[in-house]
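Notes to accompany the following structure.
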Amino acid sequence: MSSPFDHPQAQMDAQIVQAVYAVVNEPQSLPQLMGLLAMRVEGVLSSAASSTEITAALLHLREHFESASALLERRGRTSDPAAGAVRNLRENPGPAFILRPSGTVRYANAAAIEAFGLAEERALPESLFTPPVRRRLLGALSSLSENKHTVIDTFEAQTRLAAKPLLRLALTATSTPEGLLGKLSSASVIWLDYVGRHFAAAYGLTPVETEITKAIIMGQSLEDLAATRGRAIGTLRNQKKRLLAKLGIHSQTELACLYAGFAQLSRLPPEADKVWAFSGEADRASMTLPLCDDERLHIEMVGPEDGRPVLFLHSLLGGTGLTPQHRRLIRRRKLRLIMPLRPFYGATRIGGGPHGQAERYAEALLRLLDEIGAASVPVIFANAASPYAFALASVAPLRVERLVGAGAHLPLKETEAIRAMNPVSRLSHTFAAHYPFMLDFFCRSVLHMTGSGFDEEFVLGMLFGSQADQAMIADAEFRYLARNTLTYIGQEEPNPAANELAVAALPWYALTADQGVPVTLFYGEEDPRFGGRPAERLTALRPHIETRTMPEAGQLVFYQHCAEVLDEAMGRRNSVPA
């Protein structure tokens, strides 16, 4: 008598169930599970005659995936508190360390150990902060909020470095199974004209007092300022004394720290209609734009303040995912990249579920364009941002000068196009389109794997098949940014990633109709996801969409051919030297 498990499909299903529960205890085994699922899904796609049959084919596995998801949720995300954050800090070139609410050092990188004499699992050295600053820091640590990724406060620290006896440290929150921990990292002090305007307005400074403040921040002496402006040095000294008294401080160092704290803080009084945050760098800032009810849009900006605005719907989350080399390319072209976080991430909140999300987000982007005074902009988009970019062009084609995609997702209208994708991409699409219970487990497992210290293995696994991508990850600067993004993702719940994939898997082909907006899609010749046959199928159906296959590039084509993508967005190919 034959057993039901004698059937090859039943045998594979039994292996899948075993592998699902194995991931709960051994997060690094996720690739093995994905390999089994890839083979099983391939068989389903080959034999099923309809979408309904695809959905029904693996529905019997739902109970196991949901049980394993519940186990992951109860177990927590990582076996090592702050493991993802630790990996991120390890390669941070500046002093950075993580504190428990009690003030105990959870982890300190090499630069912080050298600068401050820290020791892990020990209290902060008494010499590091003055008593009032220490009390303020402990107060902030004891009341950390879920508003992660934004600077909570800044603190002046005493170092052991002769060249830099004082450093300004910025405090942010990091989620771990222990609760919220505080991360302190160095904060630069740079004069920015638009920060200066806000600073002067907040403290009621006169134009002369603002000028003195600027001189101090820029390291200019009062003698030089007097000579430049044709004023008496004695008059300026008296005005500086009145300025310090007005601010309730006693030295130029305190003034510099006060300004740095103002520049680093990402909050203004509740009555303000929008919130600005400044990174301490001359070409970076961020804004949180209130929409309606509790909805809001968080935006990061990179590039000169007077640069040409380019809307960049970036890969995953971080506009921070730009190396110094890419930022130089942006500055050279005098561009200002406006980079909003997408609906389910960070401080951005757009109502509703995946259905209709692209159109609702497009309306929020129009509010953003109105806010920055841009009549029209070119739009660059990457990966799963595709539906939002095409929705914007569909809703308001006159506001979009051109669409330029880099490794962008496509609306997979035909089963043949889905089969042409690489196994990992085909799996995530199939999960989102047919098996939401698998999608939830997959997203939780990725957070479990990366949070348990296997972030590099996960990234390398996602970029298999492309030597160009593997070489990109080997670059120290880019690897640091990739880990930073994974840490950012790790602080989110699984739902944002699941919703993101669900939006990309929806039938949004209609959004790609010709609206009179030029569309160019860049793909790496080593990209196994949407380049090649899937892209060819779309351009055959949508002749107004042009595709460009780039050499020595894979999924990370934006980073590997950033100059070409930027030039295409400006409408002038190969016109600016890289």
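The values are calculated or read from the model by the stated rules, or taken from the named source; none is laboratory data. A quick note: this is a predicted structure, and the numbers were derived from the prediction, not measured. Here the Cβ positions follow ideal geometry from the backbone for every residue, glycine too, while neighbour counts run over all protein chains shown. When the accessible area is computed, the model is the full protein with side chains, heavy atoms only, and any ligands, DNA or RNA have been set aside. Shrake-Rupley method; radii C 1.70, N 1.55, O 1.52, S 1.80 Å.
Could you compute how much accessible surface E254 exposes when probed at 1.4 Å, giving the result in Å² to the nearest 10?
80 Å²
So, by mean Cβ neighbours within 10 angstrom, what's the order for 153-166, 498-511 with the highest one leading? Walk me through the intermediate numbers first.
Details: 153-166: 14.9, 498-511: 19.9.
Descending packing order for the listed peptides: 498-511, 153-166.
Suppose the chain between R134 and R74 were pulled fully straight at 0.36 nm per residue; how much longer would it get relative to their current alpha carbon spacing?
Details: separation 60, 0.36 × 60 = 21.60 nm, distance 3.54 nm.
Between R134 and R74, full extension yields an extra 18.1 nm.
If packing is taken as the average count of other Cβ atoms within 10 Å, what order do 230-237, 403-410 fall into, highest mean first?
Working: 230-237: 12.1, 403-410: 28.2.
Packing order, densest peptide first, comes out as 403-410, 230-237.
Please list, ordered by chain and number, the residues whose modelled amide H lies under 5 Å from the amide H of T130; skip anything fewer than 5 residues away on the same chain.
Under 5 Å from the amide H of T130 lies no amide H from a residue far enough along the sequence or on another chain.
Do any of K183/K246; K240/K334; K214/K241; K183/K241 go past 27 Å between their Cα atoms, and which?
Working: K183/K246 32 Å; K240/K334 36 Å; K214/K241 15 Å; K183/K241 35 Å.
Correct reply: K183/K246; K240/K334; K183/K241.
Say R0 is 30 Å: what FRET efficiency, to the nearest 0.05, do R197 and Q28 get from their beta-carbon distance?
Numbers: r = 51 Å, r/R0 = 1.70.
The computed FRET efficiency comes out at 0.05.
Would you mind working out the magnitude of the charge dipole of segment 499-578 relative to its Cα centre, with +1 at each Lys and Arg C-beta and -1 at each Asp and Glu C-beta, to the nearest 20 Debye?
Values: 7 positive and 11 negative charges, 44 e Å.
So the dipole magnitude of segment 499-578 works out to roughly 220 debye.
Using per-residue counts of other Cβ atoms within 10 Å, averaged over each peptide, order 11-19, 331-339 from highest down. Write out the running numbers ahead of the final one.
Values: 11-19: 15.6, 331-339: 19.9.
The most tightly packed comes first, giving 331-339, 11-19.
How high is the relative contact order of segment 360-400, given as a whole-number percent (alpha carbon pairs under 8 Å, six or more residues apart)?
On the way: 25 pairs, mean separation 20.8, N = 41.
Reported relative contact order: 51 percent.
Can you compute the FRET efficiency between Q239 and A471 using 1/(1 + (r/R0)^6), with r the Cβ-Cβ distance and R0 = 41 Å? Round to the nearest 0.05. Show your work: numbers first, answer last.
Numbers: r = 56 Å, r/R0 = 1.37.
Working from the Cβ atoms, E equals 0.15.
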